[in-house]
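The values are calculated or read from the model by the stated rules, or taken from the named source; none is laboratory data. No experiment lies behind these values; they were computed from the predicted model shown. Cβ sites come from the backbone with ideal geometry, for glycine too, and all protein chains shown count toward neighbours. Only protein heavy atoms, including side chains, enter the accessible area calculation; ligands, DNA and RNA are left aside. Shrake-Rupley method; radii C 1.70, N 1.55, O 1.52, S 1.80 Å.
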Amino acid sequence: MKSGRAEATEGVEQRLATTLHAFPGLSLITVPPSQLKSPPTREGVRVLRGGRLPRLGELTDEVYGVIRELWEQSGCRIEGYGRTLVVHDPSGYVITLTQQEGDDPILTVASPPIPARLIDPPLLAGLLGGLALGCIGPCSAVGPMTLFPSLAGLAAPFWGWIPLYLLIGVGSVWRPETRRFGAGLLISGALVGVTVAWVFS
């Protein structure tokens, strides 16, 4: 049996594909969900999929008309005029087609609101990764200190893991698609790693 999120994701992808097939030759340049605008939601979250419809040119009005007609015939409630089209599916899905002057139209399909996850998987993965790195990083200094007795008694080897930790963490936070993972890595890695390194040094 599918979870609520899996079912919502499948519904979003089906409606997105149906919309694109309504007009022959219509293509989509995918935009990350974090950069798409979600319809107002009082509670829960929505699964979002969509992107830009490039190179429509003079066909833009026709594309809007075809999409409007498709969903009207499917029993959906239509809102908006001109270059803003909002389709309310009876099942709670919202299909939006908008265009700012000089830009490509943006097609977005949003699922009905679903309960927010108690634990965000990318954040959890980052927290676990930071926990592992925070433990392994300072402990990895034991090997070199065994091979090179002159390092014994120095605190620096226990802090040598920090540049790699910062490189991975900051690099992950920099990219929108891995931002939650990077935040978890930085948080747990700092708490655990600094504590372990301080104890050993």
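Can you work out which of the residues in region 103-140 that are at pLDDT below 75 and in a loop (DSSP other than H, G, I, E, B) is most open to solvent (accessible area, probe 1.4 Å)?
Per the criteria, the residue is 118.
Name the pairs: first residue in region 158-179 and more than 18 Å from residue 191 (Cβ to Cβ), second residue modelled with pLDDT under 70 and surrounded by fewer than 18 Cβ atoms within 10 Å (Cβ to Cβ), Cβ to Cβ under 8 Å, at least 6 apart or on different chains?
160/140
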